[in-house]
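Take a look at the structure set out below.
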């Protein structure tokens, strides 16, 4: 069986969400998952992102990945979107394979025939547009005031792990505007902590749960 390493702490709520969903999915399939966890510090990682120090971020994450490799992990996942800004640099620094969160997104969009999307998540994720990793799909960037609102709303979720009605209503309004104004076919929920306020069934707009796709990919790797 594959042993999967999880880089936790980026942030804690996302790690817990992944762990719960992975454990539940594996139980449903009669699998006892072989997992290794480490705890990275979200503030340190966010500091590197804000400063544009992608090499430092890659060094930081690769240290945890190599540690999990020594503990038996044969593949590793990072349960957060924003750190994937440095995924190319990370892959240059470690021999442990990674389950890149962007890969299952590309597969799902292709299966659904979706070619025009927007992102909800951290400011870095929304502005970064998945850093050119999603080929063949147009990622529409919200207007500057919308990006700022999405970023503040997401940071509130990270900090407090509870929903705010005004933030939730504002995100729904922006999603509707992106559909009407920009022809967006679906919003990628590209921030795991968005699960605190809604999911694909309850969002009220067409969306795709990026974390859910990533979790499914992890569970497939855990299967014998």
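For the reader, a short list of remarks on this structure follows.
- Number of the exception - residue 113 against (1) exposed (fewer than 15 other Cβ atoms within 10 Å of the Cβ); (2) within 27 Å of residue 61 (Cα to Cα); (3) without any contact (Cβ under 8 Å) to a residue 24 or more places away in the chain: (2)
- Residues in the range 76-99 that are touching a helix residue (DSSP H, G or I) at 6+ places or on another chain (Cβ under 6 Å) and either within 14 Å of residue 38 (Cα to Cα) or in a loop (DSSP other than H, G, I, E, B) (or both): 76, 77, 79, 80, 81, 94, 96, 99.
- Comparison of 69, 63 shows that the only residue that is part of a helix (DSSP H, G or I), buried (at least 18 other Cβ atoms within 10 Å of the Cβ) and either out of contact with any helix residue (DSSP H, G or I) (no Cβ under 7 Å at 6 or more places or on another chain) or not assigned by TED's automatic domain parsing to the domain that holds residue 14 (or both) is 69.
- Only residues that are under 24 Å from residue 9 (Cα atoms) and either in a loop (DSSP other than H, G, I, E, B) or in contact with a strand residue (DSSP E or B) (Cβ under 7 Å, 6 or more places away or on another chain) (or both) were counted across the range 161-199, and they come to 12.
- Hits in the range 127-141 (condition: over 18 Å from residue 104 (Cα atoms) and touching a strand residue (DSSP E or B) at 6+ places or on another chain (Cβ under 6 Å)): 140
- Boolean, residue 47 is outside the structural domain of residue 138 (by TED's automatic domain parsing), exposed (fewer than 15 other Cβ atoms within 10 Å of the Cβ) and either more than 26 Å from residue 155 (Cβ to Cβ) or without any contact (Cβ under 8 Å) to a residue 24 or more places away in the chain (or both): yes
- Within the range 200-224, the set of residues being in a loop (DSSP other than H, G, I, E, B) and either touching a residue at least 60 places away in the same chain (Cβ under 8 Å) or crowded, with 19+ Cβ neighbours inside 10 Å (or both) comprises 203, 223, 224.
The values are calculated or read from the model by the stated rules, or taken from the named source; none is laboratory data. Computed from a prediction, not measured in an experiment: that's the story for all the values here. Note that we place each Cβ from the backbone using ideal geometry, even for glycine, and neighbour counts take in every protein chain shown.
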